[in-house]
Amino acid sequence: MEFILPKTKKAREKFDRIIQAADYHIYTYGFEKASIANITASADVATGTFYLYFKDKLELYHYLLDDYQRRIKEHIKFRSIGCKTREEKERIGLIAWLEFVNENPHTYSIIWQSLAINKELFINYYKKFVSSYEKGLNRDASQVIDMDLEDLSLMLMGISSFLGLKGMINDEIVLSQEEIEKTADQIMAALNSGIFKK
């Protein structure tokens, strides 16, 4: 989906306030109850400003979902600069994901609401991630076990995804950097040696 983006600094500031307000309202009240009126009031912009960029709330949500995906990929890519092996990339990628979730506590709620809003949104969101992950594994195919790379992508994504829930499960607001790195090291040890005792 193509979006109309602001061209001036002032317009960009208003646009960013709309996105921040939408993130808050959709997280707090859910997609159905979050209203354009409340979003624009929180963003301190006129309702007409909203319609310069989005035709409706669903299109706004599309943007929000795409923006989360872009930001997650950028954060992981940035943190992975300098990684030479697949093992390094997996460890740093896991750390980067856990950092992102810590810094953006609305992540799971915003993304997973897509399953209720429109199943195709949810499927396409994860299909894009799987495709990107699979391409990365394919580039490093000589460094990983011989198995279906889509399955391997899903397995590794599943590990990361549910580890990101660790803070919520343990009723912690934020994991410390030490906890994040310890978690990543334990997972890498399990991936390297296997989880089953011989």
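Points worth noting:
- Matching residues, the stretch 60-86, being touching a residue at least 40 places away in the same chain (Cβ under 8 Å), surrounded by 13 or more Cβ atoms within 10 Å (Cβ to Cβ) and either more than 18 Å from the chain's Cα centre (by Cα) or assigned to a loop (DSSP other than H, G, I, E, B) (or both): ARG86
- The set of residues in the stretch 19-36 being open to solvent by less than 80 Å² (accessible area, probe 1.4 Å) and either in contact (Cβ under 8 Å) with a residue 12 or more places away in the chain or outside any helix (DSSP H, G or I) (or both) consists of ILE19, ALA21, ALA22, ASP23, HIS25, ILE26, GLY30, PHE31, ALA34, SER35, ILE36.
- Taking every residue in the stretch 144-158 that is on the phi < 0 side of the Ramachandran plot and pairing it with any residue that is open to solvent by 80 Å² or more (accessible area, probe 1.4 Å) and assigned to a loop (DSSP other than H, G, I, E, B), at least 6 positions away or on another chain, the pairs with Cβ-Cβ distances below 8 Å are LEU152/ILE145.
- Filtered by the rule that a residue be among the β-branched types (Val, Ile, Thr) and surrounded by 17 or more Cβ atoms within 10 Å (Cβ to Cβ), the stretch 1-18 gives a lone residue, ILE18.
- Qualifying positions in the stretch 126-158 - part of a loop (DSSP other than H, G, I, E, B) and surrounded by 11 or more Cβ atoms within 10 Å (Cβ to Cβ): ASP140, VAL144
- Of the residues making up the stretch 181-198, those that are in contact (Cβ under 8 Å) with a residue 12 or more places away in the chain and closer than 16 Å to MET155 by Cα are ALA184, ILE187, MET188, LEU191, ASN192.
- Of all the residues in the stretch 159-198, those that are within 18 Å of SER109 (Cβ to Cβ), surrounded by 15 or more Cβ atoms within 10 Å (Cβ to Cβ), at pLDDT 80 or above and of a type outside the set (S, T, N, Q) number 4.
- Flag for SER193 being more than 21 Å from TYR24 (Cα to Cα) and out of contact with any helix residue (DSSP H, G or I) (no Cβ under 9 Å at 6 or more places or on another chain): yes
- Test: residue in the stretch 88-95 that is surrounded by fewer than 16 Cβ atoms within 10 Å (Cβ to Cβ) and either modelled with pLDDT under 95 or closer than 30 Å to ALA189 by Cβ (or both): yes
- Flag for ILE39 being touching a residue at least 40 places away in the same chain (Cβ under 8 Å), open to solvent by less than 20 Å² (accessible area, probe 1.4 Å) and farther than 30 Å from SER153 by Cβ: no
The values are calculated or read from the model by the stated rules, or taken from the named source; none is laboratory data. Computed from a prediction, not measured in an experiment: that's the story for all the values here. Please note: Cβ atoms are built from the backbone with ideal geometry, for glycine as well, and neighbour counts cover all protein chains shown. Heavy atoms of the whole protein, side chains included, go into the accessibility calculation; ligands, DNA and RNA do not. Shrake-Rupley method; radii C 1.70, N 1.55, O 1.52, S 1.80 Å.
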